[in-house]
Amino acid sequence: MAKSMHDVSDPRNASVQINVNGELKPRAEAVVSVFDSGFMLGDGVWEGLRVQKGKLVFLDRHLDRLYEGAKAIAMDIGLSREELTKRLYDTLDANRMSDGVHVRLMVTRGVRSTPYQDPRVIVSGATIVIIPEFKEPDPAIYERGLKLFTVHVRRGDPAVQDQKINSHSKLNCILASIQATQAGADEALMLDPHGFVATCNSTHFFIVRKGEVWTSSGKYCLGGITRGVALEVAREAGIPAIEKDFSLTDVYGADEAFVTGTFAGIVPVREIDGRKPTCRGPVVDRLQKLYAERIERDIEEQKHP
């Protein structure tokens, strides 16, 4: 069975302190109420962030997405961007973390008085949890690449559940992941309601055809931070980078393929449904370098609060 990219353990994480509503707790004591909206209903939004050289990479973009998602579901985070930024860095400082760290920032609507969907039964402010971990992708993955499998689980349309909201409700992605895992793949490739390629269950998908970089139209996937940066650096370097509808036929005939995500950045794909594009071909190799340079620039421009 294929191993998850996130299935990497570090013994230091046993003593990491978790921030629960502004209080630092040992890992075993970092808990929320059984009446919490996130536990009970998946009602909330979240972000995954990477820490490099003591800075939270692309933090402004992540906070933009977090606050836009909260606004879309009429949820008050209860902290300003500046206050939330300070809480994030205070958590990192308390754990003496500066490199090789992945942070999960989770915000739910808060505690409910009873198990019910209506937000009018909320009896607390938002629940804000910050989980920092020493966690880095296996370096071998950048050469080995990922194996993908196209699953039957589709990305829903906005009238069902808008995929642009990075919500805690991830059951469709979990089902897709299960099917891909049972097929011996690393990630699930998911189609949109019309049969065009949408995204993967936890990363965004790209192909390279005749020197052009293609990714989905974005109508049925999260507005990925790394996805957006990959498109930007490609275009700035003169590489045609196109957001469009395309089918599995286009995928199967691609020269290269790769996925993007906050945790591992740009990762090549070695196999899709038995088809084998060039793994870490020249375009993917160049984009990885351009992406690394953009991270360095972002870090230099940031200030620790």
Heads up, the helices (runs of 4 or more DSSP H) in region 211-305 (entirely inside) with at least 3 residues that are at pLDDT 95 or above and either of a type in the set (A, V, I, L, M) or within 20 Å of His102 (Cα to Cα) (or both) are 225-236, 282-301
Taking the conditions exactly as written (within 30 Å of Thr181 (Cα to Cα), in contact (Cβ under 8 Å) with a residue 12 or more places away in the chain, surrounded by 18 or more Cβ atoms within 10 Å (Cβ to Cβ) and not assigned by TED's automatic domain parsing to the domain that holds His168), does Ser37 satisfy them or not? yes
Go through Glu68, Glu47, Glu143, Glu136 for me and flag whichever is of a type in the set (Asp, Glu) and in contact with a helix residue (DSSP H, G or I) (Cβ under 6 Å, 6 or more places away or on another chain). Glu47
Just one of (1) within 20 Å of Val103 (Cβ to Cβ); (2) surrounded by fewer than 23 Cβ atoms within 10 Å (Cβ to Cβ); (3) in contact (Cβ under 8 Å) with a residue 40 or more places away in the chain; (4) within 18 Å of the chain's Cα centre (by Cα) trips up His204, so point out which. (2)
Under 9 Å by Cβ, and 6 or more places apart or on different chains, what pairs join a residue from region 143-162 that is within 19 Å of Asp285 (Cβ to Cβ) with one that is crowded, with 17+ Cβ neighbours inside 10 Å and among the hydroxyl-bearing types (Ser, Thr, Tyr)? Leu146/Thr203
Return a yes/no flag: does region 264-273 have any residue that is in contact (Cβ under 8 Å) with a residue 60 or more places away in the chain, of a type in the set (D, E, K, R) and buried (at least 17 other Cβ atoms within 10 Å of the Cβ). yes
What pairs can you find where one residue is in region 75-99 and assigned to a loop (DSSP other than H, G, I, E, B), the other is among the polar types (S, T, N, Q) and loosely packed, with under 14 Cβ neighbours inside 10 Å, and their Cβ atoms are less than 9 Å apart, with a gap of 6+ or different chains? Asn95/Ser15
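The values are calculated or read from the model by the stated rules, or taken from the named source; none is laboratory data. Just so it is clear, the structure is predicted and the values come from calculations on it, not from any experiment. In this analysis, Cβ positions are derived from the backbone assuming ideal geometry, glycine residues included, and neighbour counts consider all displayed protein chains.
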